[in-house]
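Read-outs: derived from the displayed coordinates by stated rules, not from any lab. Everything numeric in this text was worked out from a predicted model, so none of it was measured. Quick reminder, even Gly has a Cβ in these numbers, built from the backbone with ideal geometry, and neighbours come from all protein chains shown.
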């Protein structure tokens with residue numbers, strides 16, 4: 001019994017450490033993007049913000065495809081057998097190099113077909129040169145994750161991204177424009193890759209550079225589903241910006257991106273939590289579905305407890321948050337968009353967890369079908385609603401699509417793995433969030449930071465009381481949550 005407790009403490013400590021490292025890296029990475037958006041909005045305006053957003057959207061869509069879907073495959077296989085690290089690292093890097101060059105070429109053709117303005121096209125194509133170092137970096141991150149050495153990811157990303165923000169501010173302050181910022185982003189991707197290679201060779205493995213073609217072929221065959229998923233997910237995530245850029249202009253893209261950036265921090269938390277526990281989810285499935293179910297429910301409870309008060313806060317804070325952050329009154333037009341997008345966060349919490357359940361249980365083909373269906377739905381609905389309603393239409397299409405994705409994931413996991421007790425998982429944060437919303441309405445909330453702070457404290461207090469009460473009192477509560485994921 002004592003041995004089991006020690007093992008539990010070590011396991012929880014490792015998971016918390018990995019989560020903290022990933023969260024730190026992702027928070028700093030997304031925070032730098034967030035700050036870049038805010039700086040460009042303040043110094044340049046919504047049009048230039050739209051140009052940057054379009055360029056970054058195409059960049060990240062392309063790198064998902066260039067990554068050949070190898071990240072999840074390498075993480076899963078190396079986590080099971082670390083002796084395979086060298087072959088997967090070397091051959092995976094060779095595959096993404098070829099895929100990156102092909103993707104850059106395809107992006108050149110796409111930009112020409114879309115007939116963007118010469119300035120916007122130049123910015124997109126310059127940033128596309130960073131696809132190769134970024135994709136190679138993804139392979140390194142997969143190995144670090146499989147070895148559960150996530151702190152190496154933070155060591156490489158955090159200093160470079162902090163320096164990037166400082167240099168970006170100096171460039172804009174000195175009167176430079178978007179072109180110089182894109183060069184800065186390109187250099188930062190190359191620098192991160194260099195640091196990761198140093199950490200890899202010193203602390204993980206110094207692989208023998210030997211490309212085995214039949215192994216590459218087998219990797220490509222094994223990752224076909226993952227590649228399809230990544231490609232469709234990338235297109236799905238980019239459709240809003242791409243449709244807006246085609247049907248409207250860069251200014252509308254900038255307004256939508258301004259709203260979307262305010263929900264990005266919570267998505268970072270989702271991704272960091274899931275990335276940190278995914279190796280454990282794969283291990284749990286090998287010993288039985290019950291273990292996978294326990295860890296999934298614990299993660300869902302955590303994400304919902306974080307998400308619901310933030311959704312309420314964003315709904316009430318939408319207008320003052322946009323104007324104070326971006327510093328221009330034109331961004332008030334994005335207020336209804338932000339309020340609609342905030343509610344997608346609740347469903348995204350379920351999608352992130354249930355999607356990884358399907359992959360951990362080797363049902364990635366189901367995930368592929370889900371993302372294909374949701375992407376087609378988003379494309380058709382987006383075309384209809386954007387043409388008719390503009391910005392509000394694209395936000396409504398996003399909310400409807402996320403609901404469809406949630407429904408498909410829920411039905412798939414319930415049918416093939418286990419039932420998800422949504423009410424049991426969500427009732428406590430829902431009740432606490434409702435009390436928070438009532439408080440904000442009663443005090444006549446007008447954007448006061450102090451009032452918002454009191455509202456969040458009220459939420460935390462009520463949630464804690466509900467947790468203690470529903471678990472049978474303080475003693476039972478302490479016992480139940482002592483080992484967190486290992487109940």
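Under the shape rule built on the C-alpha gyration tensor, where the axes satisfy a ≥ b ≥ c, segment 262-349 is prolate, since a/c reaches at least 1.5 and a/b is greater than b/c.
Can you compute the FRET efficiency between residue 387 and residue 264 using 1/(1 + (r/R0)^6), with r the Cβ-Cβ distance and R0 = 22 Å? Round to the nearest 0.05.
0.25
Once both labels are positioned 7 Å from their Cα atoms along Cα-to-Cβ, the gap between residue 84 and residue 211 label points is 2.1 nm.
Would you please give the FRET efficiency between residue 328 and residue 414, computed as 1/(1 + (r/R0)^6) with r the Cβ-Cβ distance and R0 = 41 Å, to the nearest 0.05? The computed FRET efficiency comes out at 0.30. Measuring nothing but how far apart in sequence close Cα pairs (under 8 Å, 6+ apart) lie, relative to its length, the chain scores a relative contact order of 20 percent. Taken as Cα centroids, segment 41-113 and segment 402-440 sit 32 Å apart, rounded to the nearest whole angstrom. Taking label points 7 Å from Cα along the Cα-to-Cβ direction, residue 403 and residue 222 give a separation of 4.1 nm. The Cα-based radius of gyration and maximum Cα-Cα distance (Dmax) for segment 129-201 are 13.7, 44 Å.
Its Cα gyration tensor gives segment 374-443 an equivalent ellipsoid; the semi-axes, largest first and in whole Å, are 28, 25, 4. Our note on the geometry: Cα centres of segment 210-278 and segment 164-196, 22 Å apart. If R0 equals 56 Å, the separation of the Cβ atoms of residue 287 and residue 47 corresponds to a calculated FRET efficiency of about 0.55.
Please label the shape of segment 47-180 as rounded, prolate or oblate, based on the square roots a ≥ b ≥ c of the eigenvalues of the alpha-carbon gyration tensor (a/c under 1.5 means rounded; beyond that, a/b larger than b/c means prolate, else oblate). Verdict is oblate for segment 47-180.
Exposure proxy shown here: for 442, 322, the number of other Cβ atoms within 10 Å sets the order, fewest to most, as 442, 322. Quick check: from the Cα gyration tensor, does segment 248-487 come out rounded (a/c under 1.5), prolate or oblate? Oblate is the answer for segment 248-487, as a/c is 1.5 or above yet b/c matches or exceeds a/b. Given the alternatives (i) 66, 66, 42; (ii) 76, 50, 45; (iii) 82, 50, 39, Cα extents along the principal axes in Å as computed for this entry is given by (i). The order of 240, 357, 249, going from fewest to most other C-beta atoms within 10 Å of their C-beta, is 249, 240, 357. Ranked for footprinting exposure by Cβ neighbours inside 10 Å, fewest first, 423, 372, 299, 165 give 423, 372, 165, 299.
Once you keep just the Cα pairs under 8 angstrom separated by 6 or more residues, what percentage relative contact order results for segment 32-222? Kindly include the intermediate steps, with their values, before the conclusion.
Working: 196 pairs, mean separation 60.8, N = 191.
Averaging sequence separation for qualifying contacts and normalising by length gives 32 percent for segment 32-222.
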